[in-house]
Every structure is written in structure tokens, then in C-alpha cells.
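Below you'll find the structure, written out as C-alpha cells, and then a few comments.
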Amino acid sequence: MDRESELRLTGWALILGASSGFGEATALELARRGMDIFGVHLDRRATMPNVERIVGAIQALGRRATFFNVNAADPDKRKEVLDLVERESVGSEPRVRVLMHSLAFGTLRPFITEPAAEGISKAQMDMTSDVMAHSLVYWTQELVGRGLMGPESRVFAMTSSGGHRVLPSYGAVSAAKAALESHVRQLAYELAPRRVSVNAICAGVTDTPALRKIPGNDVILRTALERNPSRRLTTPEDVARSIAALAHPLTGWITGNVINADGGEDIAG
């Protein structure tokens with residue numbers, strides 16, 4: 001048996017943030033392994049051709065792809081998406097085998113500024129935490145409540161080293177990532193009796209559209225390249241392959257962790 005056939009997967013994956021970066025790469029990798037894909041994304045007209053390319057690539061692999069261009073943090077839109085997921089996933093057990101939370105939308109402003117009015121606001125702090133952390137809980141709650149997740153389902157949430165390190169203007173996102181990791185531990189504890197595993201994936205520095213929005217991203221990229229013992233940056237495909245491996249039925253006992261997928265970057269001094 002070759003390595004490709006050993007990692008065959010079945011069922012549906014629901015990817016939050018499916019139109020770029022880690023979400024895009026994971027959607028494609030899971031489709032290559034045999035999974036059908038629900039994708040949630042928020043794109044304007046200018047970037048919709050890329051979404052159409054991703055959908056086409058999934059379908060070319062012989063898999064089903066249903067994508068939703070909605071705000072994943074909107075409770076009404078979440079209900080609309082899950083209503084359709086419930087209808088389309090009939091016949092698959094569990095109905096959703098993989099939930100991936102890869103939402104990267106937050107405010108990159110410092111806490112303390114001169115003048116003070118230029119610092120981050122309460123609304124911006126709340127929005128960042130809601131989208132990048134709390135929405136994981138709400139999606140998982142509703143999926144479980146509808147009976148769409150069950151034994152052998154997997155939940156993956158994308159975190160970063162910003163959850164335990166300081167970067168300029170990254171305070172709100174750093175707090176959201178720390179909260180996200182806490183939510184992962186709590187969900188893992190509460191879902192263990194249902195045999196649903198929950199883990200956070202901490203990628204090494206990766207040249208994604210989200211990273212390019214961080215002030216000083218050129219320094220971050222250069223430093224990571226020098227620091228990583230593998231002497232290269234992490235790629236979205238590195239992370240996607242790690243998630244595919246952790247989605248295998250034999251890995252269900254791995255839960256409640258922050259797992260580094262970084263080529264050894266975080267351990268390097």
C-alpha cells in the first residue's frame with residue numbers, strides 16, 4: 001500500500017476561511033485525500049475568481065464543493081450555512097468529519113498611542129476576539145447541537161506564535177489567539193465523551209495574505225527564515241498535510257493540544 005492510499009479520508013470538511021492561505025491549502029489537500037468540502041469565505045468581486053479556481057480544483061478531483069460567501073461571525077449567516085450543510089451531508093456519518101477554523105480578520109492597532117484616539121477601540125477589540133476566537137465555540141456548539149459532529153470528528157483551529165509572543169500592533173490578535181487556544185482546551189475536555197477531538201495548529205511563519213497585513217511583515221519573514229532550522233519558511237501546504245494526517249481515524253486520542261507545524265521554528269533560539 002502506498003503512502004497516498006494510507007491517508008485516504010471520507011466525508012465532509014467544513015473550512016472557515018477557505019479562500020486563501022491555510023484554509024485554501026487544507027481544502028485542496030483534504031479533497032485530494034477523498035473529502036468533500038464546504039467552504040466559508042468573505043470575498044469581494046475582485047477576489048471571487050480565486051474562489052472559483054479553488055472550487056474548480058476540488059471538483060476536478062472528483063469531490064463535491066459548496067462554498068458560501070458570508071461573514072462567518074454573523075449568527076444568521078451561520079444558521080443559513082448549517083441549514084444547507086445539514087441537507088447536503090445526508091448519508092455521511094459523522095455528517096461533518098472535519099471543522100477547520102482559519103479566520104484571520106482582526107484589527108492591527110496598538111493599545112497606547114499619541115494621540116490616544118488613534119489606539120484600538122473597544123469595538124475593534126471585541127470584533128477581533130469574536131471573529132478570531134469566540135466564533136470557534138459558536139460554530140462547534142451549533143454543529144454538535146444539530147448532530148452534525150460525532151465519533152471521529154475533528155476540530156482544528158489555526159493559532160500562531162503571537163498567542164504567546166509580542167509583536168508591534170498585534171495586541172488584539174495576540175489576545176484572540178490566546179483565547180482561541182483556551183477555547184480549544186475547553187472544547188476538547190467537553191467533547192471527549194463524544195469522541196470528537198479538538199486541537200490548535202500553530203504554523204510557523206508563512207507568507208500568506210494575512211501575514212502581509214501585519215506591520216513589519218518583511219522583518220518577520222526574514223527573521224523566521226534565519227531562525228528556522230529547516231532553512232525555509234513554512235508553507236500552507238506543510239500545514240495542510242499536517243491537518244490531513246491528524247484527521248485520520250487513528251489519531252483521535254490526540255486532543256486538547258497546541259501542535260506546532262513549523263519545521264522546528266518555535267524551538268530554535
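Here are the numbers:
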| quantity | calculated |
| --- | --- |
| Residues of the stretch 5-18 satisfying the condition of being part of a loop (DSSP other than H, G, I, E, B) and touching a residue at least 40 places away in the same chain (Cβ under 8 Å) | L7, L9, T10, G11, G17, A18 |
| Any pair with Cβ under 6 angstrom, 6 or more apart, that starts in the stretch 182-196 at a residue that is small (G, A, S) and ends at one that is open to solvent by 40 Å² or more (accessible area, probe 1.4 Å) and modelled with pLDDT of 95 or more | A188/T255 |
| Unique match (being of a type in the set (D, E), farther than 24 Å from A245 by Cα, open to solvent by less than 60 Å² (accessible area, probe 1.4 Å) and free of Cβ contacts under 8 Å to residues at least 60 places away in the same chain) among D83, D36, D76 | D83 |
| Which numbered condition A104 fails, given (1) of a type in the set (A, V, I, L, M); (2) open to solvent by less than 30 Å² (accessible area, probe 1.4 Å); (3) under 22 Å from A203 (Cα atoms); (4) touching a Lys or Arg at 6+ places or on another chain (Cβ under 9 Å) | (2) |
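The values are calculated or read from the model by the stated rules, or taken from the named source; none is laboratory data. Worth saying up front: this structure is predicted, and the values here are computed from it rather than measured. Glycine gets a Cβ as well: all are built from the backbone with ideal geometry, and neighbour counts include every protein chain shown. Ligands, DNA and RNA are stripped out before the accessible areas are found, and what is left, the full protein with its side chains, is counted by its heavy atoms. Shrake-Rupley method; radii C 1.70, N 1.55, O 1.52, S 1.80 Å.
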